[in-house]
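Participant: Encoded as structure tokens, here's the structure I'll be asking about.
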Amino acid sequence: MTPPQPETVTANFRLGWEGRTLEAAVPVPTGPARPRVLLPVIQQLTNALVGMGESLVAGRGETISCKAGCGACCRQLVPVSETEARHLRDLVEVMPEPRRAAVKARFADALKRVAGAGLLDPLERRAEGAVTSAVGLDYFRLGIPCPFLEDESCSIHPDRPLSCREYLVTSPAEHCTAPTRDNIRRVPTPGFAMSAFATLDGPQPGGKGVRWVPLVLALEWAGANPEPPAAETGPDLFARFMRVLTKVTRVIPGPEEVAT
């Protein structure tokens with residue numbers, strides 16, 4: 001028997017940016033809800049926000065370089081919200097064998113390489129601000145592929161993290177293997193959805209920044225951190241997300257912003 005669906009209310013919003021307008025009506029649960037319930041809505045909203053950026057650069061005569069088969073950016077240190085970390089863990093757990101074992105083996109190999117390079121400690125101490133721009137660049141230089149990367153394409157593309165959805169470039173694809181401030185042109189967006197969504201999981205201890213998890217630590221972290229009970233209603237969560245959407249900065253800079 002299919003479980004009953006929660007009652008929902010329609011949340012309407014209008015966002016203007018660079019002469020473009022995004023209007024939408026999204027269903028959100030009326031009662032207490034965990035951030036995970038909103039994740040499908042936020043994924044679609046992120047796609048729409050990125051679409052505004054794509055429209056902007058198209059109007060300038062630029063084209064998106066990113067496409068299947070080009071996985072250079074899939075070797076960056078990808079931040080995901082705590083909610084997304086649990087979602088990714090669950091995605092892996094329902095994969096059929098032998099794919100599940102293969103993906104878990106890739107996660108284990110990535111952790112081994114991170115630890116061998118001396119980067120595991122700062123990643124685990126991220127709440128203390130240990131993940132500096134230099135750490136992100138050092139990680140990129142290791143060339144560790146995302147555990148979900150297969151044939152240089154994302155094997156979970158419909159469920160890819162918000163950070164991945166937000167990262168598009170119009171600069172030549174070959175520059176992505178050695179990015180610098182001068183050779184990478186990112187597609188702008190009205191805000192950073194991943195960072196805004198991560199605020200729904202609460203502030204970092206001490207109230208500095210937002211909670212996030214390196215994608216390569218997602219399975220390990222999710223296994224050790226059970227999901228807390230719902231503390232807010234769906235409308236309150238969504239309203240809080242929208243309030244901070246255009247006010248927060250990205251959790252960590254990309255390698256092109258720190259490379260010289």
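Participant: Output the residue which, of all residues in the range 64-90 that are surrounded by fewer than 17 Cβ atoms within 10 Å (Cβ to Cβ) and aliphatic (A, V, I, L, M), is farthest from Pro229 (Cα to Cα).
Facilitator: Ile64
Participant: Quick one: which of Gly223, Gly136, Gly202, Gly143 is more than 21 Å from Ile64 (Cβ to Cβ), of a type outside the set (Asp, Glu) and out of contact with any helix residue (DSSP H, G or I) (no Cβ under 8 Å at 6 or more places or on another chain)?
Facilitator: Gly202
Participant: Can you name every residue in the range 226-260 that is outside any helix (DSSP H, G or I) and of a type in the set (Lys, Arg)?
Facilitator: Across the range 226-260, the qualifying residues are Lys247, Arg250.
Participant: Among the residues of the range 137-155 satisfying the criterion of being crowded, with 20+ Cβ neighbours inside 10 Å and among the aliphatic types (A, V, I, L, M), which is farthest from Arg113 (Cα to Cα)?
Facilitator: Leu137
Participant: Same structure, new question: Can you tell me which residue among Ala134, Ala127 is surrounded by fewer than 20 Cβ atoms within 10 Å (Cβ to Cβ), within 18 Å of the chain's Cα centre (by Cα), modelled with pLDDT under 95 and over 21 Å from Pro188 (Cα atoms)?
Facilitator: Criteria check complete, one pass: Ala127.
Participant: Just one of (1) of a type in the set (Asp, Glu); (2) part of a loop (DSSP other than H, G, I, E, B); (3) touching a residue at least 60 places away in the same chain (Cβ under 8 Å) trips up Asp182, so point out which.
Facilitator: Checking Asp182 against (1) of a type in the set (Asp, Glu); (2) part of a loop (DSSP other than H, G, I, E, B); (3) touching a residue at least 60 places away in the same chain (Cβ under 8 Å), the one that fails is (3).
Participant: While we're here: Kindly indicate whether Pro145 is of a type outside the set (Val, Ile, Thr), over 13 Å from Pro79 (Cβ atoms), assigned to a helix (DSSP H, G or I) and within 18 Å of the chain's Cα centre (by Cα).
Facilitator: Answer is no for this residue.
The values are calculated or read from the model by the stated rules, or taken from the named source; none is laboratory data. Since the structure is predicted, the reported quantities are computational estimates derived from the model, not experimental observations. Glycine also receives a Cβ, built like all others from the backbone with ideal geometry; neighbour counts cover every protein chain displayed.
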